[in-house]
Amino acid sequence: IELAGIKLKDNKDKSGKEAKALFFLGDRQATDIAKMAAEADEDGKGKLMLDKKDLQRVLNDNVAIDIALFGRMVADDPSLNEDASSQVAHAISTHAVQTEFDYFTAADDLSPEDNAGAGMIGNVEYNSSTLYRYANIALHEFLHQLKDKESMINAVKLFVEAFAKSLPTGKVNTFANQTLPGILVVNLREDRPVSLVSAFETPVKSEDGYIAGSIKKLSDEMDNVQKFVEKPVKTLYLAINNVNISDGEGTDSLNELLTKLGEEINQYQFN
């Protein structure tokens with residue numbers, strides 16, 4: 001790695017070296033680098049005779065899916081940078097939220113009898129809200145990185161599934177935030193990605209909950225943004241209730257949505 005231009009430093013126990021900053025590489029890249037090192041000759045001083053350009057070529061080829069999606073920055077040598085083909089926004093609530101506080105104490109069963117205090121005491125802030133979550137993938141760039149359409153389609157389907165089902169795991173045992181989406185909307189566009197977060201500049205007000213009102217605002221905003229951008233080539237959605245997204249094709253399950261998404265991408269001719 002050092003011969004490829006990545007600066008190293010002694011690790012804490014002085015038993016070897018480590019990168020000065022995080023450096024990401026895929027399994028195949030690591031295997032290819034190890035193979036090159038095993039087959040390389042040594043100079044008279046015990047240093048491997050490897051060409052920097054050959055090493056960097058390996059580190060830029062066969063990009064792992066996660067590196068292709070989320071990118072890689074190498075300050076030591078920008079030629080090893082990998083532009084991310086996806087963008088993921090912070091989740092925001094679609095309505096006004098009031099922070100609440102969970103007051104907790106922990107007792108020490110083995111504390112001295114003259115110690116009447118708690119072993120731990122504190123507050124945890126939390127709230128409960130209906131969230132708008134947004135992400136996009138530049139499919140043309142993703143295909144260019146992976147160089148295989150089938151692999152790209154499978155990766156996109158896994159990304160959408162993970163995005164729909166996954167939630168942060170911090171404090172998960174405290175709050176059991178095992179929730180699922182009220183609606184999942186996938187837009188395939190030819191011009192540019194579009195976040196619909198502007199739908200919630202005016203917060204949703206609750207009548208019988210926030211989900212129905214949030215979906216209505218989301219659907220209306222999809223129509224509004226078409227004043228500035230082209231209509232999606234295809235809109236697929238999956239909702240827990242009987243809702244209608246204009247010009248969209250509803251599906252009955254996540255598997256059905258992912259299957260149709262894969263079919264739409266597969267038949268599209270990328271430049």
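The values are calculated or read from the model by the stated rules, or taken from the named source; none is laboratory data. All figures in this text were calculated on a predicted structure; none of them were measured in a lab. No Cβ is skipped: glycine too gets one built from the backbone with ideal geometry, and neighbour counts run over all protein chains shown. Accessible surface is based on the protein model in full, side chains and every heavy atom, while ligands, DNA and RNA are left aside. Shrake-Rupley method; radii C 1.70, N 1.55, O 1.52, S 1.80 Å.
For the stretch 70-123, give me each residue that is assigned to a loop (DSSP other than H, G, I, E, B), touching a Phe, Trp or Tyr at 6+ places or on another chain (Cβ under 8 Å) and among the polar types (S, T, N, Q). I'd like the intermediate steps shown before the answer.
Step one: filter the stretch 70-123 for residues assigned to a loop (DSSP other than H, G, I, E, B), giving 71, 73-77, 81, 83-85, 89-91, 94-99, 107-119.
Those left that are additionally touching a Phe, Trp or Tyr at 6+ places or on another chain (Cβ under 8 Å): 74, 84-85, 89, 91, 94-95, 99.
Across the stretch 70-123, the qualifying residues are SER85, THR94, THR99.
Would you confirm, using the coordinates I've provided, whether ALA155 is touching a strand residue (DSSP E or B) at 6+ places or on another chain (Cβ under 7 Å) and either open to solvent by less than 100 Å² (accessible area, probe 1.4 Å) or within 22 Å of LEU258 (Cβ to Cβ) (or both)?
Details: touching a strand residue (DSSP E or B) at 6+ places or on another chain (Cβ under 7 Å): no; either open to solvent by less than 100 Å² (accessible area, probe 1.4 Å) or within 22 Å of LEU258 (Cβ to Cβ) (or both): yes.
When the stated conditions are applied, ALA155 does not pass them.
Looking at the stretch 21-46 only, could you name the residues that are within 30 Å of ILE137 (Cα to Cα), open to solvent by 90 Å² or more (accessible area, probe 1.4 Å) and in a loop (DSSP other than H, G, I, E, B)?
Matches in the stretch 21-46: LEU22, PHE24.
Name the one entry in ALA96, ALA91 that is open to solvent by 30 Å² or more (accessible area, probe 1.4 Å), in contact with a strand residue (DSSP E or B) (Cβ under 6 Å, 6 or more places away or on another chain) and not β-branched (Val, Ile, Thr).
Working: ALA96 fails: in contact with a strand residue (DSSP E or B) (Cβ under 6 Å, 6 or more places away or on another chain).
The conditions single out ALA91.
Return the residue satisfying two criteria in turn: it lies in the stretch 124-152 and is part of a loop (DSSP other than H, G, I, E, B) and polar (S, T, N, Q), and of such residues it is surrounded by the fewest Cβ atoms within 10 Å (Cβ to Cβ).
ASN127
State whether one or more residues within the stretch 47-69 are open to solvent by 50 Å² or more (accessible area, probe 1.4 Å), β-branched (Val, Ile, Thr) and assigned to a loop (DSSP other than H, G, I, E, B).
no
Within the stretch 251-271, track down each residue that is open to solvent by less than 40 Å² (accessible area, probe 1.4 Å) and farther than 21 Å from ARG192 by Cα.
THR251, LEU254, LEU257, LEU258, listed by residue number.
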